[in-house]
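Chemist: First, the structure itself, so that you have it in front of you.
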């Protein structure tokens, strides 16, 4: 066992004060500056020592890596039995003398020869489904603070151990969770102490050794709830070794190794390890769980991503807003530190930490994800075709997840695939709710998540998280609703487990209790169902018609035109939302609804489109026109005309089966273009009217921008409707669900409002 040093004990936070501000003050003034930390302990506490300067070849999962070759020299690689292998032959080392060769078949006797020095070495390429035996993981002893843990190919990943508030290792064992991410999660300073220091004006959060806000769930919230958290830095980022892989087979295998390494520590009770996190550390859990680490007990992904394509190329149109900027950030983070854009902790530690310095050597071998992102326009290729939803088919551990309808960072598209998980995994539960990305970190969702983790990771009856309740303003900000008491509090373990497992797979949270502020409060009301979309859902078409009408029946034939000029669309900034200028789009409005209509699930629009150009981009926007004259945004969908090709075997009423291969120019006249409108949950109130707007893309999603078809002059687009061309939108209408009386506040989080202004065609 590793004993804590007196220096670390002296820097430990104090116990809770009676209120959050008092707590913050106690934490801040009894703790050391979180940026003033000792360096990592000697190699004995971390596994292997720092490699020397000799020529080194290592076999990994489907790849070989080379370090300390002659810079820029030719490296000859042969496969088993001396025969050239696929993707091998002669390669050039980079300026660090490094090389990574990927996509190799498993096997021994691969050999690398440095032509300049004559150095050579052999390696064995590993299979993803052949992990080391248990003794490999038992050799690593982890301590509180920054560690370096070896993966099966010898790569060292940075991993910071953070204990529950006020605890030392001597107080263990602890229920233990892993946070696994390419963000700066392993930065060794204490984010809980830094957050408290910021509140009382010490500005400790500005230290480069403090992890970013992405660690709120793991580095702060989980520890306040009594859990130990190990923050593992993804390969090729921060102070971790290797090249960035964005959770392909290598990153998934690393996650397996991290789980088993943590499970081997004496302070992890019963060797039951959970995973936790939001966003990057949310979807990372999916690929790791799909590898079936023996000691992974449960995962709790929040605001996770499904298919990269859905955010990067929605409807076949490149998202050069949030999606492209996110990819740029990941490319910069993979640069060898010190470098502009590299993670702050690596830039700060690389000069003094020999492990961090050595771990930068393979960074130039990272795949250029940005180039792949910008160069493809079909759903092919390693990066864009990487599908985290496929992992759902293999996950068999208990799962608690949370997704938000208005989350622009995931585009809510994982909801379309989430039943792949629940169909075969009876111990999976997902909370869907109104809100944006960080609204998964709400008091209600966290209360349920920790009940889940108490049952499946801590293996105990759910407990009240008193420290978290007291610190709620520290976590969520002032004005938050209080943390609710656990619904299963006080029940014996087996009774609590039985009651938890009896609940339906899905909870649908509707509307927000406040108009703005991510995570500030939860939903106003909710309902449950065993399915997504809910069990009692009917695919209900509404047909576009003449005079800007929207009706349940097909009307007379006709068409309407508009000038497709994306530059004319005003951008939505937070909840400031302007009407589209007259002539740059068309609208269609229903009669007032006789009764409430609750919608939950994906939405599809079938548009019969023509254009003066060979290709065009189109957006469908669904809104609610309320009796008070306000128009509230509900959802949007996007589609490039040339990417309209459908696979009939995949095509559903609410989910168009686009192939996104073999682009096809628009034909003269009417072309059927199916548009996937993003999944959502919304209650249209009686007296309100449905509105469908069709026009150029952009403007209605604050974080998105579109690289539209370059046509020189904005074309004239034409929408056909009526008996021969029944353009429509199909909504997932849920029966048997009653919305509370009265209109909700307008705007809501992620749902801006504006005064309704009819389009030029009357709708």
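A short reminder: the numbers here are calculations on the coordinates, not readings from a lab. Bear in mind the structure is a predicted one, so any value in this text is a computation, not a measurement. When we count neighbours, we look across all protein chains shown, and the Cβ atoms used for this are built from the backbone with ideal geometry, even at glycine.
Chemist: Taking a cut-off of 16 Å, what percent of all Cα-Cα pairs in the stretch 659-763 are separated by more than that? Each step should come with its number before you reach the end.
Modeler: Working: 4120 of 5460 pairs.
Cα-Cα pairs of the stretch 659-763 separated by over 16 Å account for 75 percent.
Chemist: Using the Kirkwood radius over C-alpha pairs as Rh, can you work out the diffusion coefficient of the stretch 56-125 via Stokes-Einstein at 4 °C, viscosity 1.567 mPa s, in µm² per second? If you can, show how the numbers build up before the last one.
Modeler: On the way: Rh = 11.4 Å.
The calculation lands on 113 µm²/s.
Chemist: Relative contact order, percent, of the stretch 343-453 when contacts are C-alpha pairs under 8 Å separated by at least 6 residues? Write down the numbers at each step before the final one.
Modeler: On the way: 90 pairs, mean separation 24.5, N = 111.
Relative contact order, the stretch 343-453: 22 percent.
Chemist: Figure the gain on full extension for residue 109 and residue 723 (residue separation times 0.36 nm, minus the Cα-Cα span) and round it to one decimal in nm. Provide the component values of the computation, followed by the final result.
Modeler: On the way: separation 614, 0.36 × 614 = 221.04 nm, distance 6.77 nm.
That works out to 214.3 nm of additional length.
Chemist: Going by average Cβ neighbours within 10 Å, how do the peptides 68-74, 97-103 rank, with the highest at the top? Let's see the in-between values first.
Modeler: Numbers: 68-74: 17.0, 97-103: 20.7.
Going from most to least packed, we get 97-103, 68-74.
Chemist: Okay, helix-only estimate at 222 nm for the chain: each DSSP H run of n ≥ 4 adds -39500 (n - 2.57), divide by all residues, round to 500 deg cm²/dmol; what do you get?
Modeler: Numbers: 16 runs with 126 residues, N = 763.
That calculation yields -4500 deg cm²/dmol at 222 nm.
Chemist: For the chain, what does the equivalent ellipsoid look like in terms of its semi-axes, each the square root of 5 times an eigenvalue of the Cα gyration tensor, given largest first in whole Å? Write down the numbers at each step before the final one.
Modeler: Numbers: eigenvalues 414, 224, 99 Å².
In descending order, the three semi-axes are 46, 33, 22 Å.
Chemist: If I fit a long axis through the Cα atoms of helix 443-456 and take the longest principal axis of the Cα atoms of the chain, what angle between them do I get, 0 to 90°, rounded to 10?
Modeler: With rounding to tens, the tilt is 50 degrees.
Chemist: Can you pull the Rg over Rh of the stretch 60-202, Cα-only, Kirkwood?
Modeler: Details: Rg = 20.9 Å, Rh = 18.5 Å.
With Rg and the Kirkwood Rh in hand, the quotient comes to 1.13.
Chemist: Going 7 Å from the Cα of residue 92 in the Cα-to-Cβ direction, what parts of the stretch 330-354 have a backbone nitrogen less than 20 Å from that spot?
Modeler: 336
Chemist: OK, next. Let me have the relative contact order for the stretch 537-755, percent, based on Cα pairs under 8 Å that are six or more residues apart. Kindly include the intermediate steps, with their values, before the conclusion.
Modeler: Values: 581 pairs, mean separation 82.6, N = 219.
About 38 percent, as a whole number.
Chemist: Here's something else I'd like to know. For the chain, find the longest principal axis of its Cα atoms and tell me its angle to the long axis of helix 280-289, 0 to 90°, nearest 10.
Modeler: Around 70 degrees separate the two axes.
Chemist: Over the stretch 535-653, what is the percentage of antiparallel beta bridges among all DSSP beta bridges, to the nearest 5?
Modeler: Working: 12 of 13 bridges.
If I count the DSSP bridges inside the stretch 535-653, around 90 percent turn out antiparallel.
Chemist: For labels at residue 645 and residue 380 in the simple 7 Å Cα→Cβ model, what's the distance in nm?
Modeler: So the two model labels end up 0.9 nm from each other.
Chemist: Each label point is 7 Å from the Cα along the Cα-to-Cβ direction; what then is the distance between the points at residue 528 and residue 489, in nm?
Modeler: So the label points at residue 528 and residue 489 sit 1.9 nm apart.
Chemist: I need the shape label for the stretch 208-296. Rule: rounded when a/c is under 1.5, else prolate if a/b > b/c, else oblate, with a, b, c from the alpha carbon gyration tensor.
Modeler: On the way: a/c = 1.59, a/b = 1.05, b/c = 1.51.
Taking the square roots of the gyration eigenvalues as a ≥ b ≥ c, the stretch 208-296 is oblate.
Chemist: If you don't mind, another one. What is the distance in Å between the Cα centres of the stretch 154-226 and the stretch 518-582?
Modeler: Taking the Cα centre of the stretch 518-582 as reference, the centre of the stretch 154-226 is 41 Å away.
Chemist: For the pair residue 556 and residue 498, what calculated FRET efficiency results from E = 1/(1 + (r/R0)^6), where r is the Cβ-Cβ distance and R0 = 60 Å, to the nearest 0.05?
Modeler: Between residue 498 and residue 556 the formula returns 0.55.
Chemist: Something else: Measuring from label point to label point, each 7 Å out along Cα→Cβ, what is the residue 614 to residue 72 span in nm?
Modeler: That separation, rounded to one decimal, is 4.3 nm.
Chemist: So what are the three principal axis dimensions of the stretch 537-755 from its Cα atoms, in whole Å, longest to shortest?
Modeler: Computed over the stretch 537-755, the largest-to-smallest principal extents equal 48, 36, 31 Å.
Chemist: Ok, one more. What Kirkwood radius, in Å to one decimal, follows from the Cα pairs of the stretch 147-194? Please report the intermediate quantities before stating the final value.
Modeler: Details: mean 1/r = 0.0797 Å⁻¹.
So the Kirkwood estimate lands at 12.6 Å.
Chemist: To the nearest 10 degrees, how steeply does helix 322-333 sit against the main Cα axis of the chain, on a 0 to 90 scale?
Modeler: That works out to roughly 10 degrees.
Chemist: Sort 608-615, 268-275 by packing, meaning the average of other beta carbons within 10 Å per residue, with the highest value first.
Modeler: Numbers: 608-615: 19.9, 268-275: 21.4.
Those peptides, ordered most packed to least, come out 268-275, 608-615.
Chemist: Same structure, new question: If you take the beta carbon distance between residue 540 and residue 340 as r and set R0 to 56 Å, what does 1/(1 + (r/R0)^6) give as a FRET efficiency, to the nearest 0.05?
Modeler: So the FRET efficiency works out to roughly 0.60.
Chemist: What is the Cα convex hull volume of the stretch 692-736 when expressed per residue in Å³?
Modeler: Output value, Cα hull per residue: 144 Å³.
Chemist: Which whole-number percent is the relative contact order of the chain (Cα, under 8 Å, 6+ apart)? It would help to have the intermediate numbers written out before the result.
Modeler: Numbers: 1987 pairs, mean separation 86.6, N = 763.
With pairs under 8 Å counted, the relative contact order is 11 percent.
Chemist: Right, here's the next one. Tell me, in nm to one decimal, what length is gained between residue 134 and residue 567 on full extension, where the rule is 0.36 nm per residue of separation less the Cα-Cα distance?
Modeler: Values: separation 433, 0.36 × 433 = 155.88 nm, distance 5.89 nm.
Value of the extension gain: 150.0 nm.
Chemist: Which order do peptides 653-663, 494-504 fall in by mean Cβ count within 10 Å, highest first?
Modeler: For the peptides 653-663, 494-504, the packing ranking is 653-663, 494-504.
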